[in-house]
Structures are given as C-alpha cells and as structure tokens.
Amino acid sequence: MTALAVRPGSSRQLAGTSILLRFALRRDRLMIPVWVAVDALMVLSMPGTLEGLYGTPAERADLIRQMETNSSLRAMVGPVFGDSLGALTAWRVGIYAGALAAVMSLLVVVRHTRDEEESGRQELVASGMVGRRASLTAALLAAAVANAVLALLLTVGLAARGTAGALALGLGIAGVGMVFATMAAIVAQLTESARLARGLTAAVLGTAFVLRAAGDSATDDGSSVLTWLSPLGWLENLRPYASERWWVLALLAGAVALQGALAYALAGRRDLGMSFLPTRPGPASGRLGSAGALAWRLQRGGVLGWSIGFFLAGVVYGGMTEGAADLVGDNDNARRIFERMGGQSGLTDAFLAAMVGMLGLIAALYIVASVLRLHGEETSGRAEPVLANAVGRLRLAAGHLVIAFGGAALIMLLAGLGFAVGYGKEAGPILGACLVQLPAVWVIGGVAVLLYGVLPRAAMAAWGVAGAVLLIGWIGPALDVPQAVLDVSPFGHLPKLPGGSMAWGPVLVLTGVAALLVACGLAGLRRRDMTT
C-alpha cells in the first residue's frame, strides 16, 4: 500500500483522494468516454437533423402548434419553448441527454463506492493511509469530471447556435448528472448491495421521468407541480435558447450540495462494508436447489423492473401513435426518417415499427447487463464457492443465460402487450413485430457471452458494442447515413413489422449467429482459468 502514502499535511478525512481519483479515472478510461461520446453525439447531431425537418419558420410554427395540442407527445419529449434550432434541439433531446448523464453518473459512483466495499477491495485500500471519506470523494469527483467534459463538449459544439443557450444546456445536463451522482452516493450508504444501489437509484430516475411526463401531458408550458418535482423537469424549465432561466441552475446546485452533504454524513456514521439498511439474513436451511434457482434469485429484481418498464413504454408509445401521424403531417423529411426506421408501409405502421425497433435496441442493454452478471459473480469471488460444489461452469452459466435470453423475450412480449393496450387495435401484428426483434437482441447477448468466456478482461466492452448499435439505430436514420452503416447493426437486417413482409431468412441467420456466439463463449469459459 505504499502507493497510497500521502503528505503529512493532508487532511485526514480526505487523505489519498487524488490518488484514488486517478485510479478511478484509469479504471473508467473506456466506460466514461463511451458514455460521454454517445450523449454528446446524440445532442450535437440534432440541429442538422432538425434543420432538414423544420427548415422554414412556417414548419417550426406548425410544430409548436401541434405540440401545444398533443399531450401524448409532450409526455414523451416535453413542451417546446422556442422556434430556433437551438431551442428545438433542447426540446427534442435535452431530457434524454440528461437521463443518459444520470445513468452514467450513478454507475460511476456505485462502481467506486459500494462495488469496492462489496468486493472487499475497499477494506484493503482503507488499511493504508486513506481518509474515511476519500473513496466517496474520489467517486463523486470522477462523476464530476465526466459531466464537466460532457458540458464542455455540448457548449463548444452548440456555441454556433448561441453561446448562452449552449452553456445553459450543457450545464443543465451536467447538473442532472450530478444530482443523480449524489443520489447514488446516498443510496450506496443505505444498502449493502451494489446491484440494489444501482437498481434503487435507477428507480428514482424512472420516477423522475414519469413525474415529468405526467406534468408535461397536463400543461404545455412546463408549469405543472409534477414537472417541478423532477430534476428532469428542472432541466426542461431551464429553457435553453428560449430566454434562459439561469436561476434553475441554483436548484440543481442546491440539490447536489444537500445530497452530497447527506452522503458524507452517512458515510461518517457507518462501518466499512456495512449499511443503514442491512440485507436480511436468509433462512436457516437453503431453499435454492440448483444454479438456475440461484441465478433467478439474483436477477429476479432486474427482470421485474425491466418488464414493468417495457410494458409501460409500450402503453405510452401505443397511445401516441395517432398523434405522431398528425404531427408529421405533410413534412416529407420527417416521413422519410420514420420510413427509414420503420419501413415503407404507411406512416402509422412505420411509426409503430420505429418505436418497436427502439425498444429492441434498449432490450440489448438489458441482455448485456444480465449476461455480465456472470462476470460480476466471478470477479467478486462469489462464483468460486458455488463451483466448489457439484456445479460445473456450464451449469452456472446456463442459469444466468436462460434468464438473460429468456428475459429479453419476456420484456419484448410485454412491450407488445403494452402497445396493444395503448393503441387499442388488434394485438397480433404488434406482438409479432416485438418478437421479431429478438434475434438481433440475442446477437448482442451472444457477443457479451463470447467476450466473457474468451476475453473476460474485455467483457465490459460488450457495453460499447450495445452502445454503438444503439447509436446507429437511433441517430443513423435521422442523419441519412448510408445503408451499409445501418447494416453494421444486426437490427438493420430485421424485417420492418408491422406493415412489412415477414422475411424468415435474416431472422434464422441472426438466430444461428447468436447460437454460435454463445457456443464459442461457453467453450472459452470451459477452458480458461477463472478470475483471469
């Protein structure tokens, strides 16, 4: 632990913070740049897209009129506060960019706090000359660095549209990120499980999105009490490029300061490795009779959360289908984007296919997270006691993979049911459209299995693969990228349903590719040393 030695004059509580910060940034040298790049590209690509969609003042005025009367679309993206391209950019992607910054921040903080304690590494670090609050401070500073870089990129990239608006949007998105970073710091003190800490903080983020959506559907100016209860609503009411309300930044800063102070107070009042909400002890006699039952016990909360989220998303998107057709109207550019995403079978079917495709892309994130639970069990040392019994590696892996691949099928099925409820039409075609996304989702899961089994140290790169696929599927059609680029993603080869014709060839090929990737990953897992 000589690397953690500090100067005698350093503060006792924060001793070693700078070294831990450098270590955290080194560990996240891939994860943070990927998250920042995806978030920044999503925002910076939007002005050019919107200029092609709403290039004239008349088209932008018509858009604002449509948003004033369409509550379902306001629930999805919020109200419009200005007709400039900068204001439309903040309207179209500001909320989602803030949500992405929040997810990035909570992952960084939990990774360098509760994850470290749960694995036992924090106890080793704490045995050196490290202050009691150094790890928490380093985690928050790592999140602050990531959000500061994101804010800088957005400010510089959008400055041509107006410096004040660009600065407001960049600071607002970074502020939302730091609100959830400090929220994660609090939750990490309350729970003993890193998985639970991530899940609870993500649930708070989901609640914030629902509150904002409910408030925006009720009013067209962001003035609802429900909107103001959500940090995402604060970002919206900052109004970049539309007579900025700079005082809203004080709300974000105040929330960060209060939550940070509470996290520091809690960190100083508990023992290392413990929490204020300790995990309940299990029964005296074991109830888990197989590796599959253990995998289900570990992942059931995640499956439940994703299932509820996908069903509700299906209800929301299904309910706004008719409104989306009215919004697009005679805008040929918008129609072409939906047709590139969802096929040439009519605007309503194209919109449904595009939204189903988006949920398929998000389902790829679920399957990567579920597969990589195996990696987490191995690196934390929890897999070793299981394998010491009469349980082989393939049996251990099979339990988690059944939940990963079967869970993907479950959440897409529930999304289809949600679409049927929200849209109010026959359920068969939309259910088929949701299920046809599965081969592409399984391919991404197969990549994660392959990386984990063959190159475990590179297993986290599966997140980069999923992020790249999400970026291609979300932004590619709007930027009118060549079809060859869209075909890099397995989702680019799927039939466009509903409305299009069913093509079994690509579906069967992708399913076969997914099976081959899984087989190769399991073969690698069977031959390699564990925890290497």
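Descriptive notes on the structure:
- Between C520 and A409, the simple label model (points 7 Å from Cα in the Cβ direction) yields a spacing of 2.4 nm.
- Sorting M320, M183, M502, M129 on solvent-accessible area from highest to lowest, probe radius 1.4 Å, gives M129, M502, M183, M320.
- Take every pair of alpha-carbon atoms less than 8 Å apart whose residues are at least six positions apart; their mean separation over the length of the chain yields a relative contact order of 15 percent.
- Farthest positive-ward along the chain dipole, Cα basis, beta-carbon charges - from I444, A433, L298: L298
- Charges were assigned to the Cβ only: +1 to each Lys and Arg, -1 to each Asp and Glu. The resulting dipole of the range 82-172 about its Cα centre is roughly 160 debye.
- Residue-averaged [θ]222 nm for the chain, counting only DSSP H segments that reach four residues, each worth -39500 (n - 2.57): -24000 deg cm²/dmol
- Peptide packing: for 147-156, 28-37, 98-107, the average count of neighbouring Cβ atoms within 10 Å per residue gives the ranking 98-107, 147-156, 28-37, highest mean first.
- Heavy-atom accessible surface of K496, to the nearest 10 Å², is about 70 Å², with a 1.4 Å probe and all protein chains retained.
- Per residue value of the accessible surface for the chain (all protein chains in place, 1.4 Å probe), Å²: 43
- The largest-to-smallest principal axis extents of the Cα set in the chain are 66, 55, 40 Å.
- For the range 368-527, the mean projected area of the C-alpha convex hull, equal to one quarter of the hull surface, is 10.9 nm².
- Charges were assigned to the Cβ only: +1 to each Lys and Arg, -1 to each Asp and Glu. The resulting dipole of the chain about its Cα centre is roughly 2080 debye.
- Share of carbon and sulfur in the accessible area of the range 13-73 stands at 63%, probe radius 1.4 Å.
- The range 143-218, relative contact order [Cα under 8 Å, separation at least 6], %: 23
- FRET efficiency, 1/(1 + (r/R0)^6) with R0 35 Å, evaluated for A203 and S243 via beta carbons: 0.55
- Surface composition of the range 402-454: carbon and sulfur make up 78 percent of the accessible area, probe 1.4 Å.
- For the range 137-176, the extents of the C-alpha atoms along the principal axes are 35, 14, 9 Å, listed from largest to smallest.
- Sorted peptide list for 211-224, 233-246, criterion being average Cβ within 10 angstrom, highest first: 233-246, 211-224
- Residue-span extension gain [V386 to W504] - 0.36 nm each, minus C-alpha spacing: 38.4 nm
- Take each peptide in 110-121, 379-390, 519-530, 443-454, count the other Cβ atoms within 10 Å of every residue, and average; sorted highest first, the result is 443-454, 110-121, 519-530, 379-390.
The values are calculated or read from the model by the stated rules, or taken from the named source; none is laboratory data. All of these numbers come straight from a predicted model, not from anything done at the bench. Cβ coordinates were reconstructed from backbone atoms using ideal geometry, including for glycine residues, and neighbour counts include every protein chain displayed. Just the protein is used for accessible areas: all its heavy atoms, side chains included, with ligands, DNA and RNA removed. Shrake-Rupley method; radii C 1.70, N 1.55, O 1.52, S 1.80 Å.
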